[in-house]
Amino acid sequence: QVKLVESGGGMVQPGGSLSLSCRISEGTVISYSMAWFRRAPGMEREFVAAVGWSGGRTLYADSVKGRFGIFRGDAKNTVDLQMYILTPEDTAVYYCAATAADPSSDDGKYDYWGQGTQVTVSS
């Protein structure tokens, strides 16, 4: 049983910053690549960023390059998404995902998903 649990969502003003965290709450012997996806109202799920557990490679959507950073956290099987210069277009439910494969922007390659956490960018 593999569970991903996100935290850190909330409301932030435009131009502000917010950090999300995701952990695998149940232990696993597999070193997973991790990713963040998001779904805005009325939109399909969108890739945001991904990182291998080794930290050897990161992938970012063009819309967040230079503004978001994905990092493996200090704790085992933890990944953070640091977001800055946020805009209302970043408003979405953000989902954490994990795969035993290399990091990818393809949501079909991810085996495990968190429940999502709401990020709202508004004045």
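Structure summary
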read-out	value
Pair Asp106, Ala61: separation of 7 Å Cα→Cβ label points (nm)	1.9
Extension reserve of the Ser7-Thr78 stretch, reckoned as 0.36 nm per residue once the Cα distance is removed	24.4 nm
Debye, to nearest 20: dipole size of the stretch 5-123, +1 on Lys, Arg Cβ, -1 on Asp, Glu Cβ	200
Length-normalised contact order of the chain in % [C-alpha pairs under 8 Å, at least 6 apart]	36
Net charge contributed by nearby residues that have their C-beta within less than 13 Å of Pro41 (K/R +1, D/E -1)	-1
Karplus-derived HN-Hα couplings along the stretch 114-122 (A = 6.51, B = -1.76, C = 1.60, θ = phi - 60°), whole Hz, x at Gly and Pro	x, 7, x, 9, 7, 10, 10, 10, 7
Cβ crowding within 10 Å averaged over residues, with 10-16, 47-53, 100-106, 33-39 ranked highest first	33-39, 47-53, 100-106, 10-16
Accessible area of the chain divided out per residue, in Å², using a probe of 1.4 angstrom	51
Unit charges on C-beta of K, R, D, E only; dipole of the stretch 58-123, Debye	160
Kirkwood Rh, angstrom, the chain [1 / mean 1/r, Cα pairs]	14.2
Around Ala50: net Lys/Arg minus Asp/Glu count, Cβ-Cβ under 12 Å	0
Enclosed volume per residue, in Å³, of the convex hull spanned by Cα atoms of the stretch 1-52	116
Selection from Ala40, Gly114, Thr91 lying farthest towards where the dipole of the stretch 35-123 points positive, charges on Cβ	Gly114
At most 12 other Cβ within 10 Å, DSSP loop - trypsin sites (Lys or Arg not before Pro), the stretch 61-123	Lys65, Lys76
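The values are calculated or read from the model by the stated rules, or taken from the named source; none is laboratory data. Predicted, not measured: the structure shown is a model, and the values here were computed from it. Neighbour counts run over all protein chains shown; Cβ positions are idealised from the backbone, glycine included. All accessible areas refer to the heavy atoms of the entire protein, side chains included, with ligands and DNA or RNA removed. Shrake-Rupley method; radii C 1.70, N 1.55, O 1.52, S 1.80 Å.
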